[in-house]
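Beneath this line is the structure, given in structure tokens, with notes to follow.
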Amino acid sequence: MLEIAEVKSKADLKKFIYLPEKIHKDHKNWLYPIYSDEWILFDPKKNKAFNYCDTILAIAKKGGKVVGRIMGIINHRYNEINNEDFGRFCFMETYDDPEVFHELVCFVENWAREKGMKKLIGPFGFSDEDPQGFLVEGFDQPTVMVTNCSLPYMAQMIEEEGYFKKMDFVQYKIDTPKEVPPIYERIAQRPKKNGFKVIEFTKRKQLKPFIRPVLGLTNDTYTEIFGYVPFSEEEMDDFAKRYLPILDPAFIKVIVDSKSEVVAYVIGMPNISDGIRKAKGRLFPFGFIHILRSMKKSNQLDLLLGAVKDELRNIGLDTMMAKAMLKSANERGLKFIDSHVVMETNTKMRAEVEKLGGKIYKRYRVFQKAL
């Protein structure tokens with residue numbers, strides 16, 4: 001007998017959090033989450049997004065075994081800013097079982113309908129910082145942090161539930177150019193002559209004064225990014241606490257103008273997927289050592305975030321940062337660059353990546369359905 005149960009206890013939350021590693025135990029490209037982050041993500045006392053979101057978590061049980069999970073979210077901050085009326089489903093995992101899949105989706109649909117929502121979209125979490133979309137291309141490729149690694153049947157089953165494409169996100173892989181292209185050298189000189197300079201870092205403590213200016217710039221420039229929810233100052237601090245310990249300062253580039261105002265930035269890090277896999281997502285007692293070692297041995301740079309002040313987008317600041325990042329990547333012996341997910345409609349960013357020879361190797365799809 002199939003039962004869908006709302007998660008209300010710590011014991012059920014533990015089952016919810018650890019279910020994916022059981023479903024994907026034979027899936028070689030699946031990547032464990034960092035479990036200490038998962039406990040924070042799903043904790044209303046620690047995750048500030050719960051302050052402006054209605055949420056529900058559910059697990060599916062069959063024959064006494066947990067066989068599926070799903071989360072429903074209504075992000076009121078996003079809906080109010082964008083005049084939207086949709087709920088979201090996310091963090092969905094099931095075995096290849098259409099009955100379980102159907103009942104979990106219906107559970108969140110009914111919940112969202114009762115809350116007055118007119119549509120349901122997903123997979124999409126609290127914001128675009130969470131993994132988004134079911135994988136639809138690139139199943140044979142390795143997974144990077146904060147991306148989905150769903151099995152092929154997930155996208156097939158959501159279509160059978162009457163959902164259709166809302167938005168695709170693509171992911172590129174680039175062979176790191178051994179030398180900075182000459183045109184980059186020329187373009188990068190223009191803003192430099194006008195007082196813009198790249199700030200580079202060697203220690204994490206040097207980053208702290210830039211955290212709020214960088215994330216404030218993100219708030220100003222990500223208004224057209226689907227699903228983006230502006231950071232509050234508290235969320236900026238939480239975001240920094242979450243990621244600073246694993247970031248390598250050498251792969252963070254910030255551009256300031258003649259008044260020392262932050263006008264652009266890019267954040268990358270050496271790929272740590274092998275370390276996370278060896279640690280099985282657990283930082284302690286020795287998982288953190290595996291992750292640090294993998295960062296030093298990695299041959300791939302993963303790009304995570306970046307932004308340029310709107311009115312300065314066409315003066316070569318992105319080229320200044322690219323030049324600095326390519327130099328750091330070559331100094332570290334990083335042979336490949338991963339773009340992370342890019343909105344299919346972000347033609348400017350895609351054109352920049354493709355100029356460097358980037359090829360799409362993964363595609364993720366966010367689906368929607370009228371309720």
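All of the numbers you see were taken from the coordinates with simple rules; none came from a lab. All values reported here derive from a predicted model rather than from experimental measurement. Here the Cβ positions follow ideal geometry from the backbone for every residue, glycine too, while neighbour counts run over all protein chains shown.
Only Lys, Arg, Asp and Glu carry charge here, each on its Cβ (+1 for the first two, -1 for the last two); on that basis segment 177-334 has a dipole of about 880 debye about its Cα centre. On the beta carbon distance between Ile211 and Phe288, with R0 = 25 Å, the FRET formula returns roughly 0.70. In terms of packing, defined here as the mean over residues of other Cβ atoms within 10 angstrom, the peptides 311-318, 88-95, 43-50, 360-367 line up highest first as 88-95, 360-367, 311-318, 43-50.
Here is the P(r) of segment 2-171: all C-alpha pair distances, binned every 5 Å from 0, give 1, 8, 17, 23, 22, 17, 8, 2, 0 in whole percents. Taking trypsin sites (Lys or Arg not before Pro) across segment 95-188, the ones in a DSSP loop with at most 10 further Cβ atoms lying within 10 angstrom of their Cβ are Lys178. Based on Cα atoms of segment 210-268, Rg over Rh with Rh as the Kirkwood radius reads 0.96.
For segment 202-244, state which GluC sites (Glu not before Pro) are in a DSSP loop and have at most 11 other beta carbons lying within 10 Å of their beta carbon.
Glu224
The magnitude of the dipole of the chain, with charges of +1 and -1 set on the Cβ of Lys/Arg and Asp/Glu and taken from the Cα centre, is near 1500 debye. The C-alpha radius of gyration of segment 109-159, expressed as a fraction of 2.2 N^0.38 Å, stands at 1.35. Using only Cα positions of segment 27-122, each an equal point scatterer, no hydration layer, compute I(q)/I(0) via Debye at q = 0.16, 0.20, 0.23 Å⁻¹ and quote the log10 values to two decimals. The calculated log intensity ratios at q = 0.16, 0.20, 0.23 Å⁻¹ are -0.77, -1.09, -1.23.
Computed over all pairs of different Cα atoms, the Kirkwood value for the hydrodynamic radius of segment 331-371 is 12.5 Å. Shown here for segment 249-286: chymotrypsin sites (Phe, Trp or Tyr not before Pro) in loop regions (DSSP other than H, G, I, E, B) with at most 13 other Cβ atoms within 10 Å, namely Phe286.
Compared with the dominant principal axis of the Cα atoms in the chain, helix 287-297 is inclined by about 40°. Its residue count N fixes a reference of 2.2 N^0.38 Å for the chain, and the Cα radius of gyration divided by that reference is 1.00.
Peptides 69-77, 145-153 ranked from most to least packed give 69-77, 145-153, packing being the mean of other C-beta atoms within 10 angstrom over each peptide's residues. So, in Å, what gap is there between the alpha-carbon centers of segment 29-89 and segment 220-277? Here the two parts' Cα centres lie 22 Å apart. Straight-line reach from Lys45: taking Cα to Cα under 22 Å and skipping same-chain neighbours fewer than 8 places apart, the lysines in range are Lys8, Lys10, Lys14, Lys15, Lys241. Evaluate the Debye formula for segment 177-334 with equal point scatterers sitting on the alpha carbons, no solvent, and hand back log10 of I(q)/I(0) at q = 0.08 Å⁻¹, in q order, two decimals. Log10 I(q)/I(0), no solvent term: -0.25.
Counted by Cβ distance under 12 Å from Lys296, the other residues give a net charge of +1, where Lys and Arg count +1 and Asp and Glu count -1.
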